[in-house]
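Novice: Okay, handing you the structure first.
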Amino acid sequence: MDIQAVGPNEFLSIDGPASIRVMNGRLYVLGVEYGSGDSFTVMRGRRIIAKSLNDSKIDVVLGPEGKIEKVDGNNEVIDVWDRALSAIPLRNSTIIILGAMDVGKTTVTTILVNKGVRENLRVGVIDGDPGQNDIGPPTTISASIATSFITHLTQLRNLRSVFVKTTSIEHVWNYVLDSISRLIDDLKHNYNADTIVINTDGWVSDSIAIKFKLEMVKRANASHIIVIKRNDEVDGLLKELSSLARNVIVIPSPPNARIRDRDDRKIRREMGYSKYLMPSRELSINLRERPIINLPLFNGLKYDNYIISLIRRSLNLPIHYIEQWGNAAVAIGNVKEFQVRNLGDVNIAILPENWESGLLVALEDKNNYLLSLGILRKIYYNTGKAVVSVHESFNNENMIDHIRLGMIRVNDNYEEIEKVLYIGKVESLLSSQIILKR
């Protein structure tokens, strides 16, 4: 415990884990004024900036790696952000926050949440970054309702998650748009949200990223777009946004924002996988009753051993299972890598043996919402059953409608070892012949 005095208009940089209690005076933190007796926490690995509004005294408890220090307020953006965000009418608004990685999007989202809560609003929050999701598991777009003050989005309870199969939006951006649209509708009509704030990923610079963000703004019918600018990263996006005639608010990135490298982000995702999957237990799922929705094995035309042997000789490949839908087929064989071969007018996607081992999957309900993240361990082609590892607390087996394959493979320590992009190629091949349920 450490008692510290802070003068009026002084700024504190607080790195978590930390617990702060205001003994007297007032602190402004993330859109909230904390007075005598109030307290807040800063989570491990997070940094916030607090501003003292008058002579104040605080009780500080720091955990391992926690730190608190006074910083130069001339280099901070608290007042600039507060003026800009306070001008936004929150009720009946849909607000999207855009910007590159590590510019403060999550912090701005948190401030808007707290401002809405201060107005007694039910604030709907959507985390649209499947790579660094703070509300739900990695590989998802997730939603919550905030009714009390927070210092970080991880403090919100996850209400809905949509599994988007990977952490790299460029491979699934149309599906991400569909997911965000569904969650907006859900928050408005089923959870009575008074306002909605959408936190987004940091993919903003190339032409496809800009197209994705513009389409998100349109489909969300955003009333306000907040763009956090650092250097020239969002200049192309801002140029295109100017043609939409929406309320675009540009604010600066804080100079002291923590920059996380690729390894930091990967470690954080892997911690997320283990959080939602460990300790684990195994489920046996009948794929004829609860199919893989984006690879509906055991629901197509199956061949006997004689036909398989003919195909094996024709392709000169050691195939041991094949299933066909129209002019598309999926085969399992002793091959090193995924490939597509043609036999007459049939396109055959050939998967390596044990292709499924370690693949992230979603167990979903009939409305395509996530019930549980899982790891596909084994498919038994003789029985049509799959073994999936889930968290041991999962108890909604009766609600499982189907499985959805992801595009990320993890090892037994929940470390990412491969992005399995050919899952998307198999989906595209099958979509040309059968209607894959969304």
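Novice: Around I58, what is the net charge, scoring Lys/Arg as +1 and Asp/Glu as -1 over all other residues with Cβ under 14 Å from its Cβ? Let's see the in-between values first.
Specialist: Numbers: positive: R21, R26, K51, K57, K70; negative: D2, E10, E33, D38, D55, D59, E69.
Net charge in that neighbourhood comes out at -2.
Novice: Once ligands and nucleic acids are excluded and a 1.4 Å probe is used, how much of R312 is accessible, expressed in Å² to the nearest 10?
Specialist: 90
Novice: Would you please state the base-10 log of I(q)/I(0) at q = 0.15, 0.21, 0.22, 0.23 1/Å for the stretch 189-279, with intensities from the Debye formula using one equal scatterer on every alpha carbon?
Specialist: The calculated log intensity ratios at q = 0.15, 0.21, 0.22, 0.23 Å⁻¹ are -0.79, -1.11, -1.14, -1.18.
Novice: Which ³J(HN,Hα) values in Hz, rounded to whole numbers, follow from the phi angles of the stretch 109-114 under the Karplus curve 6.51 cos²θ - 1.76 cosθ + 1.60, where θ = phi - 60° and Gly and Pro get x?
Specialist: 4, 4, 4, 5, 4, 5
Novice: Further, regarding this structure: What net charge is computed for the residues neighbouring N395, neighbours being all others with C-beta under 15 Å from the C-beta of N395, Lys and Arg scored +1, Asp and Glu -1?
Specialist: Here the count lands on -3.
Novice: Would you mind counting up the charge near G384? Only other residues with Cβ under 13 Å from its Cβ, with Lys and Arg at +1 and Asp and Glu at -1.
Specialist: Net of charged neighbours comes to +3.
Novice: Rg to Rh for the stretch 50-173: what is it, with Cα atoms only and Rh by Kirkwood?
Specialist: Over the Cα atoms of the stretch 50-173, Rg/Rh equals 1.00.
Novice: Beyond 15 Å, what share of the Cα-Cα pairs of the stretch 27-72 remains, rounded to the nearest whole percent?
Specialist: Value for the stretch 27-72 (Cα pairs over 15 Å): 46 percent.
Novice: Using a 1.4 Å probe, how large is the accessible area of L317, given in Å² and rounded to the nearest 10?
Specialist: The accessible area comes out at roughly 20 Å².
Novice: HN-Hα J couplings of the stretch 59-65 from phi, Karplus 6.51/-1.76/1.60, θ = phi - 60°, integer Hz, Gly and Pro as x?
Specialist: The phi angles translate into 9, 10, 10, 10, x, x, 6 Hz.
Novice: Identify which of the listed values of volume of the Cα convex hull per residue in Å³ was calculated from the structure shown: [x] 151; [y] 191; [z] 131.
Specialist: Matching entry in [x] 151; [y] 191; [z] 131: [x].
Novice: Further question: A 32 angstrom limit on the alpha carbon distance is what I want to check against. Which of K213/K366; K275/K366; K67/K213; K211/K275; K211/K419 exceed it?
Specialist: Table pairs above 32 Å Cα-Cα are K67/K213; K211/K275.
Novice: For the stretch 1-76 and the stretch 190-250, what is the separation of their Cα centres, given in Å?
Specialist: After rounding, the separation between the Cα centres reads 31 Å.
Novice: Got a sec? Charge dipole of the chain, +1 on Cβ for Lys and Arg, -1 for Asp and Glu; which of T110, P138, N382 is way out at the positive end?
Specialist: N382
The values are calculated or read from the model by the stated rules, or taken from the named source; none is laboratory data. These numbers were taken from a predicted model, which means no experiment stands behind them. Please note: Cβ atoms are built from the backbone with ideal geometry, for glycine as well, and neighbour counts cover all protein chains shown. These accessible areas exclude ligands, DNA and RNA; they are computed on the full protein's heavy atoms, side chains included. Shrake-Rupley method; radii C 1.70, N 1.55, O 1.52, S 1.80 Å.
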